[in-house]
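As structure tokens, the structure follows; a few thoughts come after it.
The values are calculated or read from the model by the stated rules, or taken from the named source; none is laboratory data. Bear in mind the structure is a predicted one, so any value in this text is a computation, not a measurement. Here Cβ is always computed from backbone atoms with ideal geometry, including for glycine, and neighbour counts include all displayed protein chains. All accessible areas refer to the heavy atoms of the entire protein, side chains included, with ligands and DNA or RNA removed. Shrake-Rupley method; radii C 1.70, N 1.55, O 1.52, S 1.80 Å.
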Amino acid sequence: MTDTIIKPGTRLHSQVCGTGVIVVRPGSPGLDLRCGGVPMSASADRAMAGEPRSPFDGGSLLGKRYTHPDDDSLELLVTSPGAGTLSDGDTPLVVKEAKPLPASD
């Protein structure tokens with residue numbers, strides 16, 4: 001994915017499953033965004049290049065936001081679920097937890 005400029009609103013697609021995401025926050029420069037262990041593509045016209053590799057075959061959940069476990073400046077929104085796990089290189093991304101609302105008195 002080194003040829004794709006990652007900015008808010010960029011759509012990325014897995015090459016090994018049906019996962020599709022929209023970039024909400026682009027994160028740090030130099031990310032190696034992958035799904036199923038294979039680099040993601042900005043092209044919607046993609047040929048399936050096999051299946052997700054273990055251990056990156058845990059799947060992605062529709063409508064969930066994913067972030068890097070060590071750097072929350074990256075945020076991806078899953079628009080199409082699939083069998084591949086989202087990752088930055090070999091580091092799996094995690095589901096972003098919702099912030100609790102303040103209690104009203």
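Annotations for the structure displayed:
- Whole-number accessible area per residue in Å² for the chain, which is evaluated in the context of all protein chains at 1.4 Å: 58 Å²
- For LEU76, the shell of other residues with beta-carbons less than 14 Å away shows a net charge of +2, using +1 for Lys and Arg and -1 for Asp and Glu.
- Ordering of 97-104, 72-79, 13-20 by packing [mean C-beta count within 10 Å, highest first]: 13-20, 72-79, 97-104
- The mean sequence separation of alpha-carbon pairs under 8 Å and at least six residues apart, normalised by the residue count of the stretch 25-93, gives a relative contact order of 42 percent.
- Rounded to the nearest 20, the size of the Cβ-charge dipole of the chain about its Cα centre is 300 debye, with Lys and Arg at +1 and Asp and Glu at -1.
- Residues ASP72 and SER43, FRET efficiency given R0 of 22 Å [Cβ-Cβ distance, rounded to 0.05]: 0.20
- The P(r) of the chain has a tail past 19 Å containing 37 percent of all C-alpha pairs.
- Share of carbon and sulfur in the accessible heavy-atom surface of the chain [1.4 Å probe, %]: 53 percent
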